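The values are calculated or read from the model by the stated rules, or taken from the named source; none is laboratory data. Just so it is clear, the model here is predicted, and its values are computed rather than measured. Reconstructed Cβ throughout: ideal geometry from the backbone, glycine too, with neighbour counts over all protein chains shown.
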Amino acid sequence: MSENRASEDSRWLAENEARFRALITATSDVVFRMNADWSRMQRLDGRDFADDILEPSSAWLDRYVPPDEHARVMHAVQAAIASRTVFELEHRVIRPDGRIGWTFSRAVPIFGADGEIVEWFGAASDVTRRKLAEEQVAQMNAESERRRRLYETILSNTPDLVYVFDLDHRFVYANEVLLRMWGRTWDEAIGRNCLELGYEPWHAAMHDREIEQVKATKQPIRGEVPFTGTFGRRIYDYIFVPVMAPDGEVEAIAGTTRDVTERKQAEEAMERLVETLRAEDRHKDEFIAILAHELRNPISAVHNALQIMKLAPDNPGSVKLSSQIVERQVTHVARLIDDLLDVSRITAGKITLDKRQVDVADVVKQGIDAAQSSVRAGGHRVSVTLPEQPLYVEGDVVRLAQVVGNLVGNAAKYSPEPGDIAVVAEADGDSAVIRVTDRGIGMAPETLPKLFTLFMQAETALSRAHGGLGVGLALVQRLVALHGGSVDAASAGLGRGSAFTVRLPRLVERAQVATGHESAVQGRLACRAVVVEDNHDVAQSLATLLSMLDVSTSVAYDGLAGLALIEEQRPDVAIVDIGMPGMNGYEVANRVRDRAWGRRIMLVALTGWGQDEDKRRAYAAGFDVHMVKPVALPDLQALLARVNADARPSTATTD
């Protein structure tokens, strides 16, 4: 029995060993056994168990495990031995072809009768493909996360609003700036539609229609719309585009919106500027045409007057009438030029006011005197009401009188002949008020806002008939503004007259100031003069006028001859033109002042150039006085009075 039993046991063991070897051979895993302390290893691959015994642990480590994994593997081994538990570890391994792969090793301890570990049996599975797939997935996830952070950073920091609608018109994405514009958090906004987020009904309905249009046509749509959010009322340019699914159907609608408020404002400003430039260009063309008309009229009158004098030189009445015509028309042209130059000076900030304490009554009287030619020409009646007590302002009496003169002249121009003009000066609180009223053609309401615009004229037949450059009222407004005042216009309508009111800051206390006024010398004056002028007509007419004032006058027609004549004559006054060929007036003045005798002569620059810079250059060259052509008789008489008052010796000095 025992022998049979032993034989059966031996056969059973042999069969089991065969099965075990077959299992080990069939598996794709590496099956191994280790001694108790893992110092020796044996691979079980169906061959004799003793065929693959490795000596020290370093041998199997070097053979199967990359060097940089040694420490991690041995740490896990020691932990399993110490804990007497199953060894499990996923680590890199050296594959039979020498390449590095991944394995999952698992070994279980075998205990002896004494309870100690006798050996370990384990298996190692090749997980290289899984690990590579996991690494690829991890890389893809990392790249996806990197891109998500990149896109989210861009979308959150762009000034544009970025969003996505689902097919039910609800927001499924909104970037940070859009959330700020709404004043909502992500949770408060996502999943809601436009109407639920506070869009006006018409606005929400418009976007609903546009979303449906994009879905139906699969084409983008663009628009522009105002919206009031936390950034205030802004104008936005937006575009909706379809997001296409793999099957070619629209699965969402993406959109971007850009704040174009500043651009729109710039475009509108540019449009206004273009329109302004067009209007100014039209005004310029109109002004040139009006200027030509205004200059032709006086030239025509002067030409006719000259023809009359030529045809009837011995007829005193005709000569007198012609002389009066010439005087009026020359004065008119000079006034036009002065107004244009004054506007130019004021616009360029080059005008200088001689401010002092002025009685408004004096301003009104001088202004009405300046407008007398227009008043008399129309046969108008002017009534003047002045305050009983002096009413003082601080200002340039000449410029303020120019304001009154322009307003009275304007009233005369646009009043039926004859007409009534009323000028009233009065105190009104802290202001001194000058009001000019007429019963003339009046103004339409649409004319009033642009009345003080340069070159502006009311479009009426009567206004065109009376002419004008459209400069006078613009000049009035700018001169009054330079005095810290204001001017307003009012009219009850066409045919119902006009009223202009000037307000100036009032001076309550009168200071003790010298008037500084010099009376023009009436009658005839006695002195010697030299006129240097290349225009023969101007030179001869001025010399004739001086001679009629009892002034001994000599004439030269160029700068070099003029210098020689001044040196020869040693006159009391030399009236020198500036713009002459050869030696100009500045050089003449310099040469005269270089001589000892020339320092006693009064030098007068008589020129058509009247800007402040022209005056500065004249004074720098040595001129005592700067006068602009044409010179009025009172101004010429005042100049000669000054010459006599200076009492400059005219002869006895030599070099």
Mind counting the residues in the stretch 562-587 that are surrounded by fewer than 17 Cβ atoms within 10 Å (Cβ to Cβ) and not acidic (Asp, Glu)?
-> 4
So which residues in the stretch 586-622 are within 20 Å of residue 551 (Cβ to Cβ) and either in contact (Cβ under 8 Å) with a residue 40 or more places away in the chain or not assigned by TED's automatic domain parsing to the domain that holds residue 534 (or both)?
-> 588, 597, 600, 601, 602, 606
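Could you say whether any residue in the stretch 135-148 is surrounded by 12 or more Cβ atoms within 10 Å (Cβ to Cβ) and not hydroxyl-bearing (Ser, Thr, Tyr)? Before you say what the answer is, go through the steps one by one.
Initially, the stretch 135-148 is screened for residues surrounded by 12 or more Cβ atoms within 10 Å (Cβ to Cβ), giving none.
There is no residue in the stretch 135-148 that is surrounded by 12 or more Cβ atoms within 10 Å (Cβ to Cβ) and not hydroxyl-bearing (Ser, Thr, Tyr).
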Residue satisfying all of: in the stretch 631-653; under 57 Å from the mean Cα position of the chain (by Cα) and in a loop (DSSP other than H, G, I, E, B); modelled with the lowest pLDDT among these = 632
(1) exposed (fewer than 13 other Cβ atoms within 10 Å of the Cβ); (2) within 30 Å of residue 450 (Cβ to Cβ) all hold for residue 222 apart from (2)
Among the residues of the stretch 526-546, is any modelled with pLDDT of 85 or more, in a loop (DSSP other than H, G, I, E, B) and surrounded by 14 or more Cβ atoms within 10 Å (Cβ to Cβ)?
-> yes
Since residue 434 meets every condition but one in (1) under 40 Å from the mean Cα position of the chain (by Cα); (2) assigned to a loop (DSSP other than H, G, I, E, B), which condition does it not meet?
-> (2)
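Could you identify the single residue in 181, 206 that is within 24 Å of residue 260 (Cβ to Cβ) and in contact with a Ser or Thr (Cβ under 7 Å, 6 or more places away or on another chain)?
Checking each option against the conditions leaves just 181.
Would you check which residues across the stretch 66-97 are loosely packed, with under 12 Cβ neighbours inside 10 Å and of a type in the set (Lys, Arg) and list them?
Once the filter is applied, which keeps residues that are loosely packed, with under 12 Cβ neighbours inside 10 Å and of a type in the set (Lys, Arg), the stretch 66-97 yields only 84.
Among the residues of the stretch 311-327, which ones are polar (S, T, N, Q) and either under 58 Å from the mean Cα position of the chain (by Cα) or surrounded by fewer than 14 Cβ atoms within 10 Å (Cβ to Cβ) (or both)? Steps first, please.
Step one: filter the stretch 311-327 for residues polar (S, T, N, Q), giving 315, 318, 322-324.
Residues satisfying the conditions are 315, 322, 323, 324.
Give the residues of the stretch 473-493 that are aliphatic (A, V, I, L, M) and either out of contact with any helix residue (DSSP H, G or I) (no Cβ under 7 Å at 6 or more places or on another chain) or part of a helix (DSSP H, G or I) (or both), sorted by residue number. Don't jump to the end; show me each part of the working.
Initially, the stretch 473-493 is screened for residues aliphatic (A, V, I, L, M), giving 473-476, 479-482, 487, 489-490, 492.
Within the stretch 473-493, 473, 474, 475, 476, 479, 480, 481, 482, 490, 492 qualify.
Taking strands (runs of 3 or more DSSP E) that fall entirely within the stretch 39-127, which contain at least 1 residues that are modelled with pLDDT of 90 or more and assigned by TED's automatic domain parsing to the domain that holds residue 29? Break it down stepwise before answering.
Working: elements: 41-44, 87-94, 100-111, 117-126.
Qualifying strands (runs of 3 or more DSSP E): 87-94, 100-111, 117-126.
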Among (1) surrounded by 18 or more Cβ atoms within 10 Å (Cβ to Cβ); (2) closer than 21 Å to residue 490 by Cα - the single one residue 393 does not satisfy | (2)
